[in-house]
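A.B. asks: Encoded as structure tokens, here's the structure I'll be asking about.
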Amino acid sequence: MIEHLLAGLMLFFQWKVLFSIFGGVIAGIIIGALPGMTLAMAISLALPFTFYMEPVVAISFLLGIYKAGVYGGSMAAILIGTPGTPAAAATIIDGYPLSQKGQGKKALDIALYASVISDFISDIITVVAAIQIAHIALKIGPVEFFAIIIFSLTIIASVSGKNLIKGLIAGGMGLLLATVGMDTMYGIMRFTFGKMELSAGLSIIPVLIGLFAVPEMLIQLRDKKLGLSKKTFIDTRSLASSGQDSLTLKEFRGALRTIIRGSLIGSAIGIIPGVGAAPAAFINYSQSKKKSKKPEEYGHGSLEGVAAAESGNNGVCGPTLIPLLTLGIPGDKTTAVLLGAFMIQGLTPGPLLFQKHINIIYGIFIAMLVINIVVLGVGKVTLKWAAMTSRIPKEVLFPIVFILCAYGSYAVHNSLFDIWVMVFVGGLGYMMRLHDIPQAPFVIAFILSPLFENGLRRSLIMSRGDLTVFFTHPISLAFLILTVLAIVFLVCTKKKAPVETLR
Amino acid sequence: MLSSFLVLLSGIIYWVIIPWQISVPPQVRSPYLSPAFAPKVFVIFLALTGIMLKIATLIRWAGQRSGKTEPELQPGADAEKGRALVFGTWVVCCIYAFAVKWFGIIPPSILMIGGLMLYFGHKNRLRVVLLAVVVPTVVYLFFARLANVPFPQGLLFK
């Protein structure tokens, strides 16, 4: 293990990696602060720029965007009452009232410290847990893996938001669209309609870019033209510091227990595919309120409340990578995009990743820990400039975003066809938004579809066509039972309470 | 309407498109190993979700009559205008994709950025021209020079 760690350190300590981390963190804070720009969209846009980078450099850059973006979302939440990312929704409850009282900077400071500390603790948990789970995952065969995929497809239901059936529709569309291209077993074409460009199937990058970026562009520009856009820029005068507005050591110590609790809750939730950062933030918020000595302050500008929300949502960042790295199963749409990043770099997430590329994995783990330190430094310094970017008019921002999408989609395979894929999937994505069909299940199903089919085929080849093999293998049977229980649980809970739609 | 569309589409895919587009090799003995198996399963799943949606909608409408649920919001003039705007913008994106093949990537990108900015209300024309020219060029240089991506030069300019 020591030699792998040292090898990882050697891969990490290059100027390119440090430069990419700084770049990713700055980009993440800015993008997270912009309402209308989601992290999945930002990482999808950044993906093509990482093609020609080395694996540790590329993944560090994207992780920098991801982790810093989760913090960046708190900026808009605190200063203008609009979450920059869905994960920052809980931060508004106490962050915005603090800002209205003139304590915006104090709220941002506690949000930054809570984010960084919670993320750091959860990254340590990730490093330890991922390696152990990877060892266990190596013992899983195709039969067990197929059952895990079936269980993972129930993730689709959990990320469906309010409407379970529409989530299943999105999942079905994703599963079907992924069958386009050459069948890997027999080499025959499926749904290519004679077009050679479709023989390799639909490329994941243009699909991701089209699904997340293009509909958002269409909707934001539409709202601008119809005069429906709210003025959502951050007034940087609210960031001018004064003695009374600085966070004191006593206030920080008062929130520390909440922050540590948030990191543990976030980690426990993050490792479960499909739950996401927003529920973690709300769960930690409610727990923190129950255990607080001043629960009456919650909802009216409590620093502990801001710390609880931010530590909960940032505590998810690291562990959400565990199912991705160890099993190749993305837990939410952001990790689904990160899966694309790994694949571009020739790293296939799954148990073998820890066998074949353990040095790179250690390099990435070290980068994850360092990113938190960089977020702390960059977050303090770039606060004002990041806030200023919220003033970019939408009619300037989104046409530029579209051009970046087009260039990025083309650059994947140097194919004009991929620009068409991006545009058409963008149209499909808009239709999904119009009919309130969530996008996250589509993406996850699109990624899991080939794994589903290959897993089924390999299992049946091994068992010579005997379907009972899925019930005679204990681990497989256990996951199938879990799948049934998960479906029943999801149906019952969705009937009782609405869940924030993860889009 | 969505549920009916899904069921109809699933039927067309199952009975028309799959037999047309997927030719099952004669050596395939097990139906589960057939290249058409997974697509058929997914299409049936899609059709079932369409039916579930229809049933859920009918239950919701029944609930409305008994006053249990909120009625749907009626679409207004803004919704129709909005959809037309979105469709028009999307068509412009398609025209852009077509134009890249004939004119290369930079000229259509310049026109796209400039045109969208002006149409959607940006008043500073100097900024429009500057951004429309600089952004596609800088991004082109990044990909073409640093990453060695061979962008299309346009069939008309070959």
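The values are calculated or read from the model by the stated rules, or taken from the named source; none is laboratory data. Computed from a prediction, not measured in an experiment: that's the story for all the values here. Using ideal geometry, Cβ is built from the backbone for each residue, glycine included, and neighbour counts are taken over all protein chains shown. Heads up: the accessible areas ignore ligands, DNA and RNA and are worked out on the full protein's heavy atoms, side chains in. Shrake-Rupley method; radii C 1.70, N 1.55, O 1.52, S 1.80 Å.
A.B. asks: Give the residue, chosen from A:Gly266, A:Gly276, A:Gly262, that is at pLDDT below 85, open to solvent by less than 30 Å² (accessible area, probe 1.4 Å) and away from chain B (no Cβ under 12 Å).
C.D. replies: Of A:Gly266, A:Gly276, A:Gly262, the one residue that is at pLDDT below 85, open to solvent by less than 30 Å² (accessible area, probe 1.4 Å) and away from chain B (no Cβ under 12 Å) is A:Gly276.
A.B. asks: Go through the range B:120-134 and count every residue that is of a type outside the set (Gly, Ala, Ser), at the interface with chain A (Cβ under 8 Å from one of its Cβ atoms) and surrounded by fewer than 19 Cβ atoms within 10 Å (Cβ to Cβ).
C.D. replies: Residues meeting the conditions: 1.
A.B. asks: Something else now. Give me the pairs, please: first residue somewhere in the range B:87-113 and closer than 25 Å to A:Met431 by Cα, second residue anywhere and among the hydroxyl-bearing types (Ser, Thr, Tyr) and assigned to a helix (DSSP H, G or I), beta-carbon distance under 6 Å, and either six or more positions apart or on two chains.
C.D. replies: Close Cβ pairs satisfying both conditions: B:Met112/B:Tyr96.
A.B. asks: Would you be able to tell me the number of residues in the range A:349-375 that are touching a helix residue (DSSP H, G or I) at 6+ places or on another chain (Cβ under 7 Å), in a loop (DSSP other than H, G, I, E, B) and open to solvent by 20 Å² or more (accessible area, probe 1.4 Å)?
C.D. replies: Residues that pass the stated criteria total 1.
A.B. asks: Condition first: outside any helix (DSSP H, G or I) and more than 20 Å from A:Val70 (Cβ to Cβ). Now tell me which residues in the range A:281-329 satisfy that.
C.D. replies: The answer is A:Ser292, A:Lys293, A:Lys294, A:Tyr298, A:Gly299, A:His300, A:Gly301, A:Ser302, A:Gly328, A:Ile329.
A.B. asks: Follow-up. Within the range A:331-342, is there a residue that is open to solvent by 10 Å² or more (accessible area, probe 1.4 Å), in a helix (DSSP H, G or I), within 16 Å of A:Ile65 (Cβ to Cβ) and among the hydroxyl-bearing types (Ser, Thr, Tyr)?
C.D. replies: Looking through the range A:331-342, at least one residue is open to solvent by 10 Å² or more (accessible area, probe 1.4 Å), in a helix (DSSP H, G or I), within 16 Å of A:Ile65 (Cβ to Cβ) and among the hydroxyl-bearing types (Ser, Thr, Tyr).
A.B. asks: Is it true that some residue in the range A:377-385 is within 30 Å of A:Ile80 (Cβ to Cβ), at pLDDT 85 or above and among the hydrophobic types (A, V, I, L, M, F, W, C)?
C.D. replies: Looking for residues that are within 30 Å of A:Ile80 (Cβ to Cβ), at pLDDT 85 or above and among the hydrophobic types (A, V, I, L, M, F, W, C), one finds at least one in the range A:377-385, hence yes.
A.B. asks: Within the range A:177-191, can you find the residues that are without any contact (Cβ under 8 Å) to a residue 60 or more places away in the chain, within 7 Å of chain B (Cβ to nearest Cβ) and crowded, with 18+ Cβ neighbours inside 10 Å?
C.D. replies: A:Asp183, A:Arg190, A:Phe191
A.B. asks: Do you know which residues across the range A:7-45 are free of Cβ contacts under 8 Å to residues at least 40 places away in the same chain, open to solvent by 10 Å² or more (accessible area, probe 1.4 Å) and either in a loop (DSSP other than H, G, I, E, B) or within 16 Å of A:Leu338 (Cα to Cα) (or both)?
C.D. replies: Result: A:Phe13, single match.
Conditions tested, residue by residue: (1) at pLDDT 80 or above; (2) in a helix (DSSP H, G or I); (3) within 24 Å of A:Ile364 (Cα to Cα).
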| site | (1), (2), (3) |
| --- | --- |
| A:Gly95 | yes, yes, no |
| A:Val116 | yes, yes, yes |
| A:Asp123 | yes, yes, yes |
| A:Ala134 | no, yes, yes |
| A:Ile149 | yes, yes, no |
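A.B. asks: State whether the residues of the range A:98-110 include one that is under 19 Å from A:Ile271 (Cα atoms), open to solvent by 30 Å² or more (accessible area, probe 1.4 Å) and not β-branched (Val, Ile, Thr).
C.D. replies: No; the residues of the range A:98-110 include none that is under 19 Å from A:Ile271 (Cα atoms), open to solvent by 30 Å² or more (accessible area, probe 1.4 Å) and not β-branched (Val, Ile, Thr).
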